[in-house]
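The values are calculated or read from the model by the stated rules, or taken from the named source; none is laboratory data. Note that the structure is a prediction, hence the values are computed from the model and not measured. Heads up, the Cβs are rebuilt from the backbone with ideal geometry, glycines too, and the neighbour counts pull from every protein chain shown.
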Amino acid sequence: MSTRTWTLLSICLVLAQAFFGVVAADDKTKLGNNTIERTVQLRTHSIYAPYIDQDLQNRWWDFGADAYINTNKHIRLTQNKPHQMGWLWSRLALTASNYVIEVEFKVSGEPTHLFGDGMAMWITKQRTQEGPIFGNQDKFEGLGIMLDTYANARHSYGFPRVIGVQLDGQTEYDWHNDGDSQALGACSVNFRRTNVATKLKVTYVKGSFLDVKIQYKAWDEWTDCFNIPGITLPTNPFIGFTALTGDVSDAHDIISVTSYSAILSPPEAPLNTIKKNKIWQRNPYGTDGVQGSSWFAFLFKLALFAGVCAGGWYGYLEYKRRQDYGGFNFGSGGAGGYALGGGPGSAGIGSAGLGSGGLRSGGYPSPGLSSGGLRSGGFPSPGLGSAGMYANSKRF
């Protein structure tokens, strides 16, 4: 098989991957008999540089207190100064039942052993309520994920530490003991002053689990922090980020926030179950229209893919045929560049604008062919197509 054939086949394979997703994703999350099949980004709960529009505002987010924005780099919640507090909150409630939130953040400061206090991510019913808990109120309803860099008490574990706490809006956060008695899960990780981007990934499936991972060792290397099964968070919560410094300080930055709605696959059917009236049975998950659209999209992609491959193959065969026949360029209207024999009947042989431009001896066109041939002497024979040859005969 020639090199060109292999090239054409390679192009077809690339198109197949693009159309049908031949390369399978490896990051599907298995939940018992369910799977997070795909995610859909939520623009209303995501934010990136430059963070603000020409009016120095953001359509979907509010920020305040000591927080300020560097449009090229970050949203700085607190500077590396004592007694600062800043916050960033979504304006709209998060309506998705299942979601994934990925946050890139940065905690930096002096290379000393005293720094603090830390920052937190909030998934709560209230928003923009300033207070002593990393800049938020101490009686919150929902989930707080604390990125604590300063120990207020003696512990058997080290700091910095990631702590997950869920409160009911009536109970105060036990900040004196760093939330130790209220923690649903926690892990000690050194996310401060790292050489790679630090990221937090929070995955929540209502009534099933909450999973928290952190990237701080290397790029795209996620470390499991904690997993809480059977948890249910408040519906329609707000997403927020706050930071606080006391007598010791750090700079606390939000680089980006990306939120997704998680789409679950239907539960796996038992192997020994046979569905009756499959054609007329209503889908209990309400995805009839989605499945129909998926089949239509698949058939459309299949037809488009077949058309592209057929067109490419035809083009290749046409190109190869022309190469095999000496590179004749049919339809170009050009005259031949050489003569046959010599004598009165010699004439240039070339392709004409219409037909093959065949010649008989004496320079007259053969029957059934267009009159794009040349008489002896290089003058065009009468009939159609003579104008295309005339232009070329004037060149010689």
Given the criterion farther than 30 Å from Leu92 by Cα, loosely packed, with under 11 Cβ neighbours inside 10 Å and either at pLDDT 90 or above or under 27 Å from the mean Cα position of the chain (by Cα) (or both), identify the matching residue among Phe296, Phe305. Phe296
Filter region 215-253 down to residues that are small (Gly, Ala, Ser) and assigned to a strand (DSSP E or B), then give me how many there are. 3
Residue tally, condition more than 20 Å from the chain's Cα centre (by Cα) and among the charged types (D, E, K, R), over region 188-212: 4
Which listed residue is of a type outside the set (A, V, I, L, M, F, W, C) and out of contact with any strand residue (DSSP E or B) (no Cβ under 9 Å at 6 or more places or on another chain), from Glu110, Glu104: Glu110
Looking at (1) in contact with a strand residue (DSSP E or B) (Cβ under 8 Å, 6 or more places away or on another chain); (2) on the phi < 0 side of the Ramachandran plot, can you tell me which one Ala65 breaks? (2)
Considering each of Val189, Val202, Val196, Val248 in turn, give the residue that is touching a Cys at 6+ places or on another chain (Cβ under 8 Å) and either of a type in the set (Val, Ile, Thr) or buried (at least 16 other Cβ atoms within 10 Å of the Cβ) (or both). Val189
Select from region 82-129 the residues that are under 21 Å from Thr198 (Cβ atoms), modelled with pLDDT of 95 or more and in a loop (DSSP other than H, G, I, E, B) and list them in ascending order. Gln84
In region 134-151, what residues are more than 15 Å from Phe226 (Cα to Cα) and either among the hydrophobic types (A, V, I, L, M, F, W, C) or crowded, with 17+ Cβ neighbours inside 10 Å (or both)? Phe134, Gly135, Asn136, Gln137, Phe140, Glu141, Gly142, Asp148, Thr149, Tyr150, Ala151
With respect to Asn98, is the statement that it is of a type outside the set (A, V, I, L, M), over 13 Å from Phe241 (Cα atoms) and surrounded by fewer than 19 Cβ atoms within 10 Å (Cβ to Cβ) true? no
Being more than 26 Å from the chain's Cα centre (by Cα) and of a type outside the set (A, V, I, L, M, F, W, C) narrows Asp66, Asp53 down to just Asp66
